[in-house]
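Student: First the structure, which I've put down as C-alpha cells, then a few questions once you've had a look.
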Amino acid sequence: MASWAELEQIAPELAAALQRRFAAHKHALLATIRRDGSPRISGIETTFRDGELWLAMMPDSWKAADLRRDPRFALHAAPIDLDLVDGDAKVGGRAIEVADAETVARYAAGLEHDLSPSDIGLFRAELTDASLTRVQGDWLVIDSWREGEAPKQRRRQ
C-alpha cells in the first residue's frame, strides 16, 4: 500500500490530476463494506495534507464503523464535468484510523471551521489503486496505478 506522498513519487502526473479532481468539488463518494458484506455509499469531504489523503467523518457514523470493521474502501470524486474532459477520479485502498490525539488536534486546527477533535473520526488512506478516466476527442484515456505495478495509460476508441 502507498501513502499519498508515495503515490506522488510513483506517479506524479496521475497524483496531481487526481488531487485536482478531488479538490474541484467539495463532496466525494466513499464506498465501504457493511457488516453483512453489502456495499455502502456515503458522501465525504477529503483533505490532502502532510503527504496524506485524509478521510474525516463523525466518529459514530456508519461509514466510520464500517471502516473500523473492514478498512477497505473506494473513493470517487463525483464528476460534475459530464463530458469527462477533466476526468473521473477514483482511488481505493485501506483506511487506517488515526487515534493519536496530537494528530487529530493538528488536523482539526487546519479545518476552515471550528470542530473539536473529539467530533472527528480520522482515517489516513493507504492506497492500493488509483485511476483517472477522461475523454480526449474520440478517445477514452485511462491513467492508472495498482500496487506493485508501474503506472500505465490505456486508450480506447
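The values are calculated or read from the model by the stated rules, or taken from the named source; none is laboratory data. No experiment lies behind these values; they were computed from the predicted model shown. Quick reminder, even Gly has a Cβ in these numbers, built from the backbone with ideal geometry, and neighbours come from all protein chains shown. Note: areas computed on protein heavy atoms with side chains; ligands, DNA, RNA excluded. Shrake-Rupley method; radii C 1.70, N 1.55, O 1.52, S 1.80 Å.
Student: Taking all protein chains as present, what is the carbon and sulfur share of the accessible area of the chain, in % to the nearest whole number, probe 1.4 Å?
Tutor: C and S fraction of accessible area: 50 percent.
Student: Additional query: Please give me, ordered by residue number, the trypsin sites (Lys or Arg not before Pro) of region 22-63 that lie in loop per DSSP and have at most 12 other Cβ atoms within 10 Å. Don't jump to the answer; show the numbers that get you there.
Tutor: Details: sites: Lys26, Arg34, Arg35, Arg40, Arg49, Lys63; in loops: Lys26, Arg34, Arg35.
Of the trypsin sites (Lys or Arg not before Pro), the ones in loops of region 22-63 whose Cβ has at most 12 other Cβ atoms within 10 Å are Lys26, Arg35.
Student: By how many nm would the segment from Glu112 to Asp60 lengthen if fully extended, with 0.36 nm per residue of separation less the alpha-carbon distance?
Tutor: Taking Glu112 through Asp60 to full extension adds about 16.6 nm, to one decimal.
Student: Report the relative contact order of the chain, percent, no decimals, based on alpha-carbon pairs under 8 angstrom and at least 6 residues apart.
Tutor: Contact order relative to length: 24 percent.
Student: Between Arg20 and Gln153, how high is the FRET efficiency from 1/(1 + (r/R0)^6) when r is the Cβ-Cβ distance and R₀ = 22 Å? Nearest 0.05.
Tutor: 0.80
Student: For a Förster distance of 25 Å, can you work out the FRET efficiency between the beta-carbons of Asp129 and Asp50, rounded to the nearest 0.05?
Tutor: Using R0 = 25 Å, I get an efficiency of 0.70.
Student: What ³J(HN,Hα) values, in whole Hz, does the Karplus curve 6.51 cos²θ - 1.76 cosθ + 1.60 give for region 21-34 when θ = phi - 60°, with x put for Gly and Pro?
Tutor: So the Karplus estimates, Gly and Pro as x, are 5, 5, 6, 6, 9, 4, 10, 10, 10, 10, 9, 10, 10, 6 Hz.
Student: Please compute the length gained on full extension between Arg72 and Ala105, using 0.36 nm multiplied by the number of residues separating them and subtracting their Cα-Cα distance.
Tutor: Here the segment from Arg72 to Ala105 would lengthen by 9.4 nm.
Student: Please state, to two decimals, what the Cα-based radius of gyration of the chain comes to when divided by 2.2 N^0.38 Å (N = residues).
Tutor: Output field value: 1.05.
Student: Straight distance only, please: which lysines reach the Cα of Lys26 with their own Cα at less than 23 Å, same-chain residues fewer than 8 apart left out?
Tutor: Lys63, Lys90
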